[in-house]
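**Q** Sharing a structure here in structure tokens format.
The values are calculated or read from the model by the stated rules, or taken from the named source; none is laboratory data. Values in this document were obtained by computation on a predicted structure and should not be read as measured data. With ideal geometry, Cβ positions are generated from the backbone for all residues, glycine too; neighbour counts draw on all protein chains shown.
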């Protein structure tokens, strides 16, 4: 009886320790979803539809866990300012920025147009270049 009680106490203590682990700070990564090649459609594509079944065969996927690149990404990302005009963009790239328990959705056009969580941001050539650098690095 004492051994059963001791076993229960040990498992309870271990379970409490596992549940109280601090969240990893480094749990940051990016997921890129973008069109293969230079696809043209007779309509605008919004952020929700880029990963729909309709476009599945046209989309490339890339997961980025390179900490140096993510640091560069964060610096450019934090510089983005909210745009005055909140209009729609023709989305060609969707990036999911995972930051621990929080994630942001970034939607971009081919050469201009940036939206973060549905809010239009001012265009940034340096941000676009940083994204395209990683998207096309294996194709060079």
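**Q** Assigned to a helix (DSSP H, G or I), within 17 Å of residue 61 (Cα to Cα) and out of contact with any helix residue (DSSP H, G or I) (no Cβ under 7 Å at 6 or more places or on another chain): which single residue out of 131, 106 fits that description?
**A** 131
**Q** Let me ask something else about it. Given (1) out of contact with any helix residue (DSSP H, G or I) (no Cβ under 8 Å at 6 or more places or on another chain); (2) part of a strand (DSSP E or B); (3) more than 18 Å from residue 137 (Cα to Cα), where does residue 61 come up short, assuming only one miss?
**A** (3)
**Q** Would you confirm whether or not the range 5-23 contains a residue that is exposed (fewer than 14 other Cβ atoms within 10 Å of the Cβ) and at pLDDT 70 or above?
**A** Restricting attention to the range 5-23, the residues satisfying the condition of being exposed (fewer than 14 other Cβ atoms within 10 Å of the Cβ) are 5-23.
Among the residues that remain, those that are also at pLDDT 70 or above are: none.
No: zero hits.
**Q** Output the residues belonging to the range 99-140 that are in contact (Cβ under 8 Å) with a residue 60 or more places away in the chain and within 11 Å of the chain's Cα centre (by Cα).
**A** 99, 107 - these are the residues of the range 99-140 that are in contact (Cβ under 8 Å) with a residue 60 or more places away in the chain and within 11 Å of the chain's Cα centre (by Cα).
Results for (1) more than 16 Å from the chain's Cα centre (by Cα); (2) in a loop (DSSP other than H, G, I, E, B); (3) within 18 Å of residue 47 (Cα to Cα); (4) at pLDDT 90 or above, shown as yes or no for each residue.
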position	(1), (2), (3), (4)
71	no, no, no, yes
76	no, no, no, yes
87	yes, yes, yes, no
97	no, no, yes, yes
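**Q** Also, quick follow-up: Quick check on my filter: what residues within the range 46-62 are surrounded by 11 or more Cβ atoms within 10 Å (Cβ to Cβ) and within 23 Å of residue 133 (Cβ to Cβ)?
**A** Hits for the range 46-62 are 47, 50, 51, 58, 59, 60, 62.
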